[in-house]
Amino acid sequence: MQKNNPALMTLLWILLSLATLFPIYWLFVISVKPAVDLFTTPSIILEKAYWANYAKVLTDTTLRRYMINSLIISSGNALLVTTLAFMACYALSRYNLAGKENIFFWTITNRMAPAAVFLLPFFLLFTQVFAIGDYKLYDTRIGMILLYCTFNLPFAIWTLRPTIDGIPRELDEAATVDGASTWQVIREVVFPLARPGLAVTLILTWVFAWNEFLLAATLTSFNARTITTGLSEYVTTTGTEWGTMASIAIITLIPALIVFTVVQRHIIAGLTFGAVKE
């Protein structure tokens, strides 16, 4: 079998990297340009950095509130979804439940419907059904965390199940023989071995919640408004503030990059978990 050409592979990776990073570079260039320069010089050429857009964003208390909302909602949803998915996958993998494959398939079908289908039902639930006195789930962080479970939990179960299935059941049985309870088996045997898959599930659900726009724009107004919906406030009848929007977009990339960096080792291990079997 002919070996791959190292030079060709290097060139291919360089081209792929440039194609991936170019939109981010272009976005950064727009974020550090005055509004006048955006339409007078080629948009991909950076002659002089104009940092006023970032100063405007970082000093805006409303945008800081939106950023905090996004961090709380995304992190809370990712932790809740990953925990529930882990328990559900353990039950599907370890117990002989009647029709468990049908349950698994039905769970996945809940992710197939577009989010727009759920807008009106969720709006009525948040404003009328789950309303106690003056308290409503509408425009609350806890409401958005629970809402995103509807879409992220099926995906998390689908992502995490191969990891749990790949852990030998003999390890559970050995721990049980040694006197471990079910919770001890989960905590001390299954959980440590499932960490790579849990890391992948956590980061993907976090990113989905962080990037979501449609539901957040419909079911929040101010208190729980996220940073992605805050971008739309700069599209007005008098014009679009492209520089400000681009600077917000660059800032929103930073938390995702930090999370990816922290769990990168686990992500690589999780994506290859169970890929090779003897």
Please list log₁₀ I(q)/I(0) at q = 0.09, 0.10, 0.15, 0.20 Å⁻¹ for the stretch 1-149, using the Debye equation with identical point scatterers on the alpha-carbon positions. -0.65, -0.77, -1.04, -1.19
Please give the charge dipole size of the chain, origin at the Cα centre, charges +1 on K and R Cβ atoms and -1 on D and E Cβ atoms. Round to the nearest 20 debye. 200
Filter the chain for me: DSSP H helices, axial length by Cα at least 18 angstrom, mean Kyte-Doolittle hydropathy not below 0.0. List them by residue number. 6-31, 61-94, 141-165, 195-211, 242-262
Where only alpha carbons of the stretch 88-232 are counted, the Rg and the Dmax (Å): 18.8, 59
Tell me the mean residue ellipticity at 222 nm calculated for the chain from its helices only (DSSP H runs of n ≥ 4, each -39500 (n - 2.57), averaged over every residue, nearest 500). -21000 deg cm²/dmol
Which whole-number percent is the relative contact order of the stretch 120-278 (Cα, under 8 Å, 6+ apart)? 31
Share of alpha-carbon pairs per 10 Å distance bin for the chain, given as whole %: 6, 21, 26, 24, 16, 6, 2, 0
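We did not get these values from a lab; they are worked out from the coordinates using the rules stated. From a predicted model like this one, the values you see are computed outputs, not experimental measurements. All Cβ positions, glycine included, derive from the backbone under ideal geometry; neighbour counts span all protein chains shown.
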